[in-house]
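The values are calculated or read from the model by the stated rules, or taken from the named source; none is laboratory data. Keep in mind that this is a model prediction, so the values were computed, not measured. Heads up, the Cβs are rebuilt from the backbone with ideal geometry, glycines too, and the neighbour counts pull from every protein chain shown. Surface accessibility is based on the protein's heavy atoms, side chains included, excluding ligands, DNA and RNA. Shrake-Rupley method; radii C 1.70, N 1.55, O 1.52, S 1.80 Å.
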Amino acid sequence: MKITKIKAPVKGQISTYFIAGDWHIDHMDWPAFDIMLKTARKFFKNKKDRKLIINGDFLDAAHLMARNPMFKQWIKRSDGMDEYFIPKSEEELDLGNRILDLLQKEFSEIIYVLGNHDLRYELMMKTCSKDYAHNFDIISKLSLTSRGIKTVKYNDWLDMGSKLSITHGAFHGATCHKKHYEAAGAKSVIFSHIHHVGCKAFQVRGNTHHVWSLPALSDLNPEYIKNRETNWSVGFGVINLHANSNFNFYIFQVWDNKLALPDGTVLTSNQKYPF
């Protein structure tokens, strides 16, 4: 397990990061994405003050999921790589690059925490032949290094100061907040992965820690859900980190393509993108 660190700012300053997880860009909620950008512009007129953490599952990679019937069909075929897996990957990665191009026009710093859906590309790299592996190298295909986007591997941690840890998330179910807290080692935690807002508080030796789960930035009723009920919501978060590593965390949920900010401003969007 590797820990990447964001240092607390110097005394008298605050570092602010927007954070959004579970983009699943093939199923992105484009109005919510647009509202996040509008919120960033409203809060910070200067691009240098806008920073973003992509908290995993930026890509969806449904075509690389072993349980997918199309995966099972094409993985057996000699032409599967050339006719299915590579074209589908190129289509998704092209969209990913277009989104990153737009994000880099809006944010001066981006950190990409990989999620379990992003991991499907790495798993395909390891299982396919060496002749094809480079087609699934998302670090290269999304130009993350040349873009200057720092990456955090799946199930690794991004620490902000000394009191807050961020990870995409690996646990589901009723105890997932507790499990992420235990995995972080008695720190407050922000994770994504479960697509809904939740918070649990824990206390150790007089210190209170919180574990938050984030809403998703994706469609709440993608095709694979088959119109089942969920407790998901759409939105993003904002973290203000203080010099002493204390922090404030805000979750913004987007309903019906609208977001009401604390000052009463209502941001709306019917943006469809792509592209």
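The table for this structure:
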{"read-out": "Angle in degrees between helix 116-127 and the longest Cα principal axis of the chain, rounded to the nearest 10", "value": "40 degrees"}
{"read-out": "Which of Ser213, Ser146 is most accessible, then next, and so on - probe 1.4 Å", "value": "Ser146, Ser213"}
{"read-out": "Kirkwood Rh, Cα atoms: Rg over Rh of the chain", "value": "0.97"}
{"read-out": "The chain, relative contact order in percent, only Cα pairs under 8 angstrom and at least six apart counted", "value": "27 percent"}
{"read-out": "Cα long-axis angle, helix 30-43 against the chain (0 to 90 degrees, to the nearest 10)", "value": "30 degrees"}
{"read-out": "Counting DSSP beta bridges with both ends in the chain, the antiparallel % (nearest 5)", "value": "55 percent"}
{"read-out": "Net +/- balance of residues flanking Ala183 in space, Cβ distance below 15 Å, scoring K and R +1, D and E -1", "value": "+3"}
{"read-out": "Environment charge at Gln271 (Cβ cut-off 13 Å; Lys +1, Arg +1, Asp -1, Glu -1)", "value": "+1"}
{"read-out": "Protein-only accessible surface order, largest first, of Tyr273, Tyr121 at 1.4 Å", "value": "Tyr273, Tyr121"}
{"read-out": "Degrees, to the nearest 10: 86-106 long Cα axis against longest axis of the chain", "value": "30 degrees"}
{"read-out": "Cα-centred dipole magnitude for region 33-173, charges only on beta-carbon of K, R (+1) and D, E (-1), debye, nearest 20", "value": "600 debye"}
{"read-out": "Residue among Phe18, Phe191, Phe247 with the largest mean-square fluctuation in a Gaussian network model of the chain, springs linking Cα atoms under 10 Å", "value": "Phe247"}
{"read-out": "Sequence ranges 7-13, 54-60, 138-144, 71-77, ranked by mean other-Cβ count within 10 angstrom, highest first", "value": "54-60, 138-144, 71-77, 7-13"}
{"read-out": "Thr230 - accessible surface, heavy atoms, 1.4 Å probe, Å² rounded to 10", "value": "60 Å²"}
{"read-out": "C-alpha center-to-center spacing [region 104-148, region 61-90] in angstrom", "value": "18 Å"}
{"read-out": "Extended-chain gain in nm, criterion 0.36 nm per residue less alpha-carbon gap, Arg41 and Ser146", "value": "35.3 nm"}
{"read-out": "Over region 51-186, relative contact order from alpha-carbon pairs under 8 Å, at least 6 apart, %", "value": "28 percent"}
{"read-out": "Full-stretch length increase - Tyr224, Asn248 - with 0.36 nm per residue and alpha-carbon distance subtracted", "value": "5.1 nm"}
{"read-out": "Sum of -39500 (n - 2.57) over DSSP H runs of 4+, divided by residues of the chain (222 nm, nearest 500)", "value": "-8000 deg cm²/dmol"}
{"read-out": "List Leu95, Leu158, ordered by accessible area with a 1.4 Å probe, largest first", "value": "Leu95, Leu158"}
{"read-out": "Per-q log10 I(q)/I(0), region 1-148, q = 0.10, 0.15, 0.16 Å⁻¹ (Debye; single scatterer per alpha-carbon; no solvent)", "value": "-0.41, -0.82, -0.91"}
{"read-out": "Cα lying deepest toward the dipole's positive end in the chain, options Ala66, His209, Val10, charges on Cβ", "value": "Val10"}
{"read-out": "Three-way shape call for region 96-239 based on the alpha-carbon gyration tensor, with the a/c threshold at 1.5", "value": "prolate"}
{"read-out": "Length-normalised contact order for region 174-274 - Cα pairs under 8 Å, 6+ apart - percent", "value": "18 percent"}
{"read-out": "Whole-percent carbon and sulfur share, accessible surface of region 49-176, 1.4 Å", "value": "50 percent"}
{"read-out": "Neighbour net charge for Arg41 - beta-carbon separation under 10 angstrom, K R +1, D E -1", "value": "+4"}
{"read-out": "FRET E, pair Val266, Lys130, Förster distance 51 Å, beta-carbon r, rounded to 0.05", "value": "0.45"}
{"read-out": "Of all DSSP beta bridges in region 130-275, antiparallel share, percent nearest 5", "value": "75 percent"}
{"read-out": "Tyr224 - accessible surface, heavy atoms, 1.4 Å probe, Å² rounded to 10", "value": "110 Å²"}
{"read-out": "For region 120-181, accessible area per residue (1.4 Å probe, heavy atoms of protein chains only), Å²", "value": "50 Å²"}
